[in-house]
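One structure below.
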Amino acid sequence: MALQIDLLQSLLQKYGNYLENFKCGSYGFVQQRHLELIMKYCKNIKFLDLCGIERHITSLIFDLIENINQNLNYLSINVGDCQNELILRNLGLILPSKLEYLSLALRMINTNDFEVFLKDSQDTFFKKLLINNLIGGYSDDIDILPYIKEYIMKKKRVQYLAIKNTLYNRVDVDLSNFKDEVNEFKLHNIKVLKYDNLSTDIYRFVNEID
């Protein structure tokens, strides 16, 4: 393990400034050491994909995002456990003024926390904004929608929008299926698209570049 970390450090010392796309999964101690090295040697990351982030390194994640703020264009965060409050109450303060792509997959979003995020990020424009709410029980109501309308739609802070509720073993509730809502956003020059059509990941992104 230590040898692998040492090899990675040597590699990043030489080539870290060329790294533009980075994905970090849930690997405990390795995840923490990777992030520390990335933050130290890689300043030009454009696509950051964070999946299954563990609670004890959340502050390190915020430091990394703030550290690459000037170059960051694509940010995807998929939270495995209930860290919504930490994410939503801190992320909005460190986002750049413009993001091509922001995807948040969070578990049982608290609307108060979500409103804090929207207020804190009010100076950020999103070309593509995706929200996936992993809920515990079926509901055909997208309860974060009034906040999206107030802080995103009315201020025209997004160009493309996708929102869905996800419940295991049930059909997803996707905003694109609500015709009246789609038309309302359209009046504000915002295109509501099916979540799966707007969503991307770091592998697809790199393949599209190639």
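Here, each number is a calculation from the coordinates, and none is a lab measurement. What you are looking at is a predicted structure, and each value in this text was computed from that prediction instead of being measured. We place every Cβ from the backbone using ideal geometry, glycine too, and count neighbours over all the protein chains shown.
Summary table below
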| quantity | calculated |
| --- | --- |
| Total formal charge among the other residues, if their Cβ is under 13 angstrom from that of residue 7, Lys/Arg +1 and Asp/Glu -1 | +1 |
| Extension gain, residue 10 back to residue 155 (0.36 nm per residue minus Cα-Cα distance, nm) | 47.6 nm |
| Rg/Rg_globular for the chain, with Rg_globular taken as 2.2 N^0.38 Å and Rg from C-alpha atoms | 1.05 |
| Cα-based reach from residue 191 at 23 Å (exclusive), listing lysines while leaving out same-chain residues under 8 positions away | 98, 119, 127, 128, 149, 154, 155, 156, 164, 179 |
| Mean residue ellipticity (222 nm) of the chain, computed from DSSP H runs ≥ 4 via -39,500 (n - 2.57), nearest 500 | -10000 deg cm²/dmol |
| Straight-distance crosslink candidates among lysines, where the alpha carbon sits under 24 Å from residue 14 and sequence neighbours closer than 8 are dropped | 23, 40, 43, 46 |
| Inter-probe distance in nm under a simple model that places probes 7 Å from Cα toward Cβ, at residue 140 and residue 171 | 0.9 nm |
| Student exercise, the chain dipole from Lys, Arg, Asp, Glu Cβ charges, in Debye to nearest 20 | 520 debye |
| Rounded, prolate or oblate (a/c below 1.5 giving rounded, otherwise prolate when a/b exceeds b/c) for segment 107-204 by Cα gyration tensor | rounded |
